Amino acid sequence: MMVPRNDLHGLMGKSHKWEEPKVATRCDETARPGYNSGAAHEFLDTTEVLQEKIQVLAELFRRARCIIIYTGAGLSTASGVADYATKTQGLVKDTPRLTSPLLASPNAGHRAIAQLAKAKFVYRLVQQNHDGLPQKAGCPQSLINEIHGAWFDPSNPVVKMSGTLRSDLFDDLEHCAESADLVLACGTSLCGMNADRLVSECATRYASTDSTSLGSVIINLQRTPYDSQATLRLNGLLNDVLTRLVQELNEDIQKSFQVVGRQEVPISSITSTNVFLVPYDENGRRSNDGSCRQLDLREGAKLIIGYGHNSGRNAEVLGRNIENHWRIAVHPPHDLKRKEQAAALTRQKKQVPQVYLLGTWMIQAAIQGDLKTLPVISVPVALNI
């Protein structure tokens, strides 16, 4: 299988005598049919080459000033959350059998990213997945852009392929694409999504002679359309690569942790109560003077969705799920167009509330004032309906 050297190792492969990666899984099916995607073969670097590449990647992390980590479905397959691109059993094996993907647990890759984030290596984690696993691993919500929607945020419902991205998240995506000096793409097929600009724009700046960009780095088992433009291309399992990257950066991480910063609100304190004081105004925007308002998440409490595609909708707390995240029923908008109402009646379908989850980490971030806007706002008692 003849593959150009840049595709195998990235542009830095020109200055290294790295052995070609081995074909670990053969599959002639297209990884993502209908998109800019090739065959679903899986490749692995040799042990020696992968270790050298991880050392190179660690040095890039030390040099970078604005690192964006861009994750795709491949990051969560080891947690038992299925992806689209894997067409055979592949190299990710012995994954958990889940009764629901909502109950998935973070894997070593998520935990490694959380460590890098807490050590101030990460400017933003642009997360294409909806699963909340980086947050479950401890990654601060304030660093995460869930560009395609989230299972644990009622103000950010999952966006359909033909849908519109949330405007503030898209603005942040553009800012990240313009500002990054290093983008690390993890487990994404890079087959044509809008957010792929993170990789392409940083790689383009790296190719420019007057840029300080370090370019884009891709970690994936399968080939991607941007391999030849990448500064570095690693062919390996994400759990393995990211864990070893953290090991390489361990001394730097420990130095970062020695710097005394703000103490985080412990998640345990959030799971033991349902009423919180948060530094936001009546519209759910972060207050300028530090004044706080009550956020009531007791079962039966009335809410309004504060922002995003569900903005302004009435909602109600249904209680907590088995993992202590809140279950929120979001009601249909009052101003449904008559044609939509008629169509619903014709189909004999009643407009019923949609149930979302609200992650405990969202409230942790709210208490700390880390969110620009609240995902949900308590309705004053006098206005409860």
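The values are calculated or read from the model by the stated rules, or taken from the named source; none is laboratory data. Source: prediction; values computed, not measured. Cβ: placed from backbone, ideal geometry, glycine included. Neighbour counts: every protein chain shown. Please note that ligands, DNA and RNA were not included when accessible areas were found on the heavy atoms of the full protein model with its side chains. Shrake-Rupley method; radii C 1.70, N 1.55, O 1.52, S 1.80 Å.
Close amide H pairs (under 5 Å, H built 1.01 Å from N) link Gly149 with Val159, residues at least 5 positions away or on another chain. Springs join every pair of Cα atoms under 10 Å in this Gaussian network model of the chain, and among Glu42, Glu59, Glu251 the largest mean-square fluctuation is at Glu251. Going down the list Lys302/Lys372; Lys17/Lys255; Lys160/Lys372; Lys53/Lys255; Lys136/Lys160, which pairs span over 27 Å between their C-alpha atoms? Checking Cα-Cα distances, Lys17/Lys255 exceed 27 Å. Surface composition of the stretch 122-215: carbon plus sulfur atoms contribute 48% of the solvent-accessible area (1.4 Å probe, protein chains only, all chains present). Karplus-based coupling profile of the stretch 284-301, in residue order and whole Hz: x, 8, 4, 6, 7, 9, x, 5, 10, 10, 7, 10, 9, 10, 5, 3, x, 5, with θ = phi - 60° in 6.51 cos²θ - 1.76 cosθ + 1.60 and x standing for Gly or Pro. Selection among Pro21, Asn250, Ala117 by position relative to the dipole of the chain gives Ala117 as farthest towards the positive end (Cβ unit charges, Cα centre). For the chain, the solvent-accessible area works out to 49 Å² per residue, with a probe of 1.4 Å and every protein chain left in place. With R₀ set to 25 Å, the beta-carbon distance separating Asp94 from Glu323 gives a calculated FRET efficiency near 0.65. Assuming charge only on the beta carbon of Lys and Arg (+1) and of Asp and Glu (-1), the dipole of the chain about its Cα centre is about 840 debye to the nearest 20.
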